[in-house]
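Every number here is computed from the coordinates shown, using simple stated rules; none is lab data. As the structure is a computational prediction, the values presented were derived from the model and not from experiment. As a convention, Cβ positions derive from the backbone with ideal geometry for all residues, glycine included, and neighbour counts pool all protein chains shown.
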Amino acid sequence: MEPIPLPSHVHYELLLQLLERQTMLAVEQKPGLHDQVQQLIITMRKAISQQKRLEEACERYQLPIDYRWSLNTPAQTAAQTERVSKDFLSLHPE
């Protein structure tokens, strides 16, 4: 059975850290923006919570999970690298 592709948890953590450590400080004196950033942080926390519930459901159904770091699958990455290499070689013949 094909694994279920899901974002790696690090994506959520990185976004949350950026929002909490940098964005919040940048909008500290701007109440309207501060509230919007706070809502975005809450939404991100809900998203990771929802993903964890989905992961638990996958476990119950014994479905494997493939945590992704990008949109490219390993096969796509290899094919893209090969295509770029061929394109480069065609531009620069020996």
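Overview of results
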| item | result |
| --- | --- |
| Size of charge dipole - the stretch 4-68 - debye, nearest 20, with Cβ of Lys, Arg +1 and Asp, Glu -1, no other charges | 80 |
| R0 of 35 Å, Cβ-Cβ distance Leu25-Gln50: FRET efficiency to nearest 0.05 | 0.80 |
| GluC sites (Glu not before Pro) within the stretch 23-75, DSSP loop, no more than 14 other Cβ atoms inside 10 Å | Glu28 |
